[in-house]
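Each remark here refers to the structure printed beneath this line.
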Amino acid sequence: MKTLQIAAAVALTCTINVAAAGAQAGRDDLGLRRLEQELAHIATFSGGKLGVGVLHLESGRELFFNGDEAFPMASTYKVPIAVQLLTLVDSGRLRLDSMITLRPGDLHPGSGTISNLLDDPGVALSVRNLLELMLLISDNSATDVVLRTAGTGSAVNARLRALGVSGISVDRPTVRLIADAIGIGTLPPESELTMRRFGELARAVPDSAQKAAAQRLYRDRRDTATPEGMTRLLAKIWRGEALSRANTDLLLDIMRRCETGQQRIKGLLPSDVVVMHKTGTLNLGVANDVGIITLPNNAGHVALSVFVKESTLDAAAQERTIAHVARAVYDYFLFK
């Protein structure tokens, strides 16, 4: 597929590293400095804190706004999980057509459809089915099975270290992450953890405990990423440095077909612009979208990570913030 082909390597003659919290941005690039100023302006409408990573993949020009600050990944952490799973496929330790039988404890709360459609676990899905459900519709039940199959968070983090990617940490399955975020303490063993039981535990959490849990979320470094770290990972995926050619194409194609977050990175872009992305949401002031934009007119590709945290505004406002960031980045690199 043409949109997924990796372009020939280009000398990185214009690389500029910009950190909004530190050094002056784009000393050698007035345009990037202006783009950073635009991001600072957009950040005032987020209702919280904005983090952005931008990397033009052909030229190497880059910009990071709050680039070294940790943001809760929410479901964007499914990208590094996918990389580890497909690494096992590349090594021959796992097959995409391997079948996995779902157990009662595999049906977990949150986004997705498996838990809504499968009243009777025991159905078997292929590794590829689970991977697509995880990335296309952000299915949490599929994600936790994929994470277990990939070797848990420690295996994902080891793979990231091997790739030279820092600033990303995958630590918990979604069921534990959600439980911690809403103030559920101890969970029963997985064999006893049904959707009904999880709902009972959630309803039993007092409002005060829920508020305290939300505040802890922003101090917790588990399952977080820096905008720079996530953007570096996207670049390695696109360049074929993380996976084989076949599995690079597979991952990017699934991300191209992502069904969630249509009002985020894609929200203000022309409808024919190809975006390969993955969203993340926690209904606690967290909205994210990370991916790769294919610019028209052979203007190249941009890896973009946008994170919003601690927002006091509604979900629509958080999504508009992400959309405005994406449009500003798109316009800059298309015309510059």
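Condition (residue is crowded, with 20+ Cβ neighbours inside 10 Å and over 21 Å from I237 (Cβ atoms)) applied to the range 90-100: is it met by at least one residue?
no
The rows are residues; the columns are (1) in contact (Cβ under 8 Å) with a residue 60 or more places away in the chain; (2) surrounded by fewer than 19 Cβ atoms within 10 Å (Cβ to Cβ).
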{"position": "A299", "(1), (2)": "no, yes"}
{"position": "V302", "(1), (2)": "yes, no"}
{"position": "V308", "(1), (2)": "yes, no"}
{"position": "A317", "(1), (2)": "yes, yes"}
{"position": "T321", "(1), (2)": "yes, no"}
{"position": "H324", "(1), (2)": "yes, no"}
{"position": "V329", "(1), (2)": "yes, no"}
{"position": "F335", "(1), (2)": "no, yes"}
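Only one of G26, G31 is part of a helix (DSSP H, G or I), modelled with pLDDT under 95 and either in contact with a helix residue (DSSP H, G or I) (Cβ under 8 Å, 6 or more places away or on another chain) or assigned by TED's automatic domain parsing to the domain that holds N157 (or both); which?
Unique residue meeting the criteria: G31.
Go through G92, G105, G67 for me and flag whichever is in the same structural domain as N247 (by TED's automatic domain parsing) and farther than 17 Å from L251 by Cβ.
G67
Please determine, by comparing only the residues of the range 35-44 that are farther than 17 Å from D289 by Cα and in contact (Cβ under 8 Å) with a residue 60 or more places away in the chain, which one is surrounded by the most Cβ atoms within 10 Å (Cβ to Cβ). Please lay out each step first, then the result.
Filtering the range 35-44 for residues farther than 17 Å from D289 by Cα gives 35-38, 40-41, 44.
With the extra rule that they be in contact (Cβ under 8 Å) with a residue 60 or more places away in the chain, the set shrinks to 35, 38.
Working: L35: 25, E38: 18.
Looking at the filtered set, the residue picked out is L35.
Tell me, which strands (runs of 3 or more DSSP E) wholly within the range 249-331 include 1 or more residues that are of a type in the set (D, E)?
So the answer is 286-294.
Testing S271 on (1) more than 24 Å from I81 (Cβ to Cβ); (2) of a type in the set (S, T, Y); (3) in contact (Cβ under 8 Å) with a residue 12 or more places away in the chain, one condition comes back false. Which one is that?
So the condition that S271 fails would be (3).
The values are calculated or read from the model by the stated rules, or taken from the named source; none is laboratory data. Just so we're clear, the structure is a prediction, and the values are computed from it rather than from any experiment. Every residue, glycine as well, gets a Cβ built from its backbone with ideal geometry; the counts of neighbours run over all protein chains shown.
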